[in-house]
Amino acid sequence: MLTLRQLFLNNNAQTTHFPLLLEFERAEGVYIYDEAGNAYTDLISGIGVSNLGHSNPKVVNAVKDQVDKYMHLMVYGEYVQTPQVRFAEKLVSILPKTLNSVYFTNSGAEAVEGALKLAKRFTGRQQVVAFHGSYHGSTHGALSIMGNEEYKQAYRPLLPGINFISLNNLPDLELITEQTACVILETVQGEAGIRVPNAAYMQALRNRCTQVGALLILDEIQAAFGRTGKLFAFEHFDIVPDILLLAKALGGGMPVGAFVAQVDVMSAFKENPILGHITTFGGHPVCCAAGLAALEVLLDENLIPGVTEKEAIIRQHLVHPAIKEIRGKGLMLAVEFESFELNKKIIDRCIANHIITDWFLHCSNSMRLAPPLTITNTQLMEACLIITEAIEFETRAFANLS
Ligand SMILES: Cc1ncc(COP(=O)(O)O)c(C=O)c1O
């Protein structure tokens, strides 16, 4: 009889020749457990999803309650579905007042697609400005604005009219003109290896967009919901986007995304022609119920103020000459090493020692640290110790090899 692993390799589509092949049975808090009961500490939160850790009981109960009432009823935007309404109401209540209309999608990439369409539709313009190093998802529109040629060249032709500019480069802002429908930027760039813009740049970007009438889209699909130490990352820069993109932690572990804009902007979808964006499963009631519960836990349990202290613990306890830099904000960090080869060996050794971490798509020499916000200081210190031991072991082995 074939093992589960063999079946996975045979029947489930593979996108690399070296999948991690870890097999897990259950997950709770910051730990994921294998069949033998070994606990792995999840330092990447399923890539920025599990901000509350795994299987938060309030989120799980919200899912169960909603499943008992109804699941899918109708495509998005026709029926008044309580979980969607309550979740949008809560989101609007915590966002600046110009972000008061929420369109729920299935995923982050779909939120990106919807926002790009909305910006074109609202402004009547065709050009888009995006950023070198950016990652916004894997669909055609999202690939078109990806700032890494290697991952997109095989899929051309992509969307025309995209100009790329560099983060923190003020002269580049001149490329945002009266032909620009929108500028799209991750508030903190994730897959580029966690690149944080400076506040003066963000304010100049905001001003330039306002000056030429281009919409500013901030992608907080990875950065929102406390990950950087603020509820939304744009709060660090004292600016407000015209369209905000959310996904990942939005659903508390269930799949849902959103793009949020001012109601007047969103209304562009209502006419000439109607139904400007259509989605069957976007804003699925079970996902919205989970998302609302997750947001309530995040706020009621006051989890965000602890994030800055946890960042300090990592910076204090993860010290080794092989670390070139620790970049980022809050619990959205990148630990940079000399090369991908060394980074990968350290990551593999951490995983062998039951600490789950990862590298970045556009920055392969850096290790991703994005634990659940609920991780305790002690758990974090223990994890830092195991990572440091892995760094020490692998740098010695690496030095002996070369
Ligand atoms: C910043 C950012 N935007 C968009 C996406 C795409 O989200 P999804 O994978 O849900 O389509 C991601 C996913 O990693 C992301 O990190």
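The values are calculated or read from the model by the stated rules, or taken from the named source; none is laboratory data. It should be emphasised that the depicted structure is a prediction, and the values quoted were computed from it without experimental measurement. As a convention, Cβ positions derive from the backbone with ideal geometry for all residues, glycine included, and neighbour counts pool all protein chains shown. Only protein heavy atoms, including side chains, enter the accessible area calculation; ligands, DNA and RNA are left aside. Shrake-Rupley method; radii C 1.70, N 1.55, O 1.52, S 1.80 Å.
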Quick one: if you stick a label point 7 Å off each Cα along the C-beta vector at Asn61 and Arg26, how many nm between them? 1.8 nm
Kindly report the accessible area of the chain per residue (heavy atoms of protein chains, probe 1.4 Å, no ligands, DNA or RNA), in Å². 46 Å²
Tally Lys/Arg at +1 and Asp/Glu at -1 over every other residue whose Cβ is under 15 Å from the Cβ of Ala109; what's the total? -3
Restrict the search to segment 29-114; then list the GluC sites (Glu not before Pro) that DSSP places in a loop and that have at most 14 other Cβ atoms within 10 Å of their Cβ. Glu35, Glu78
Distant alpha-carbon pairs in segment 153-198 (separation over 17 angstrom), percent: 48 percent
Calculate, in nm to one decimal, what Glu301 and Leu7 gain on full extension: separation in residues at 0.36 nm each, minus their alpha carbon distance. 101.7 nm
Of all DSSP beta bridges having both residues in the chain, the percent classed as antiparallel (nearest 5) is 60 percent
If you add up the charges near Pro371, with Lys and Arg at +1 and Asp and Glu at -1, over every other residue whose beta carbon is less than 15 angstrom from its beta carbon, what do you get? 0
Long-range tail of P(r) for the chain (Cα pairs > 26 Å, %): 55 percent
Apportionment of accessible area to carbon and sulfur, segment 153-211, percent (1.4 Å): 51 percent
Theoretical gain in end-to-end length, Gln126 to Thr139 [0.36 nm per residue, Cα-Cα removed]: 2.8 nm
Solvent accessible area, Å² - His140, 1.4 Å probe, full protein context: 110 Å²
About its Cα centre, segment 1-108 carries a charge dipole, from +1 on Lys and Arg Cβ atoms and -1 on Asp and Glu Cβ atoms, whose size in debye to the nearest 20 is 400 debye
Using the Cβ atoms and a cut-off under 10 Å, what net charge is assigned to the surroundings of Ser134, where Lys and Arg are +1 and Asp and Glu are -1? -2
Let me cross-check Lys345: its accessible surface, 1.4 Å probe, with only protein heavy atoms counted, in Å² to the nearest 10? 90 Å²
What distance in nm separates the simple spin-label points at Tyr70 and Ala352, each placed 7 Å from Cα in the Cβ direction? 5.4 nm
For the chain, what does the helix formula give at 222 nm: sum of -39500 (n - 2.57) over DSSP H segments with n ≥ 4, over the residue count, nearest 500 deg cm²/dmol? -11000 deg cm²/dmol
What length, rounded to one decimal in nm, is gained on full extension from Asn272 through to Glu35, with 0.36 nm per residue of separation minus their alpha-carbon distance? 79.8 nm
Under unit Cβ charges (Lys, Arg +1; Asp, Glu -1), what dipole magnitude, rounded to 20 debye, does the chain have relative to its Cα centre? 600 debye
Those chymotrypsin sites (Phe, Trp or Tyr not before Pro) in segment 303-402 that DSSP places in a loop and that have at most 12 other beta carbons within 10 Å: none
Return the single residue from Ala261, Ala322, Ala383 with maximal mean-square fluctuation; model: Gaussian network over the chain, springs between Cα atoms under 10 Å. Ala322
Along the Cα→Cβ direction, 7 angstrom out, place labels at Thr16 and Gln316. What is the inter-label distance in nm? 3.3 nm
Out of segment 323-402, which GluC sites (Glu not before Pro) are coil in DSSP terms and have no more than 14 other C-beta atoms within 10 Å? Glu338
Projected onto the charge dipole of segment 57-300 (+1 at Lys/Arg Cβ, -1 at Asp/Glu Cβ, origin at the Cα centre), which of Val80, Phe237, Asn198 gives the Cα projection farthest towards the positive end? Val80
Entries of Lys120/Lys230; Lys90/Lys117; Lys152/Lys310 with Cα pairs more than 27 Å apart: Lys120/Lys230; Lys152/Lys310
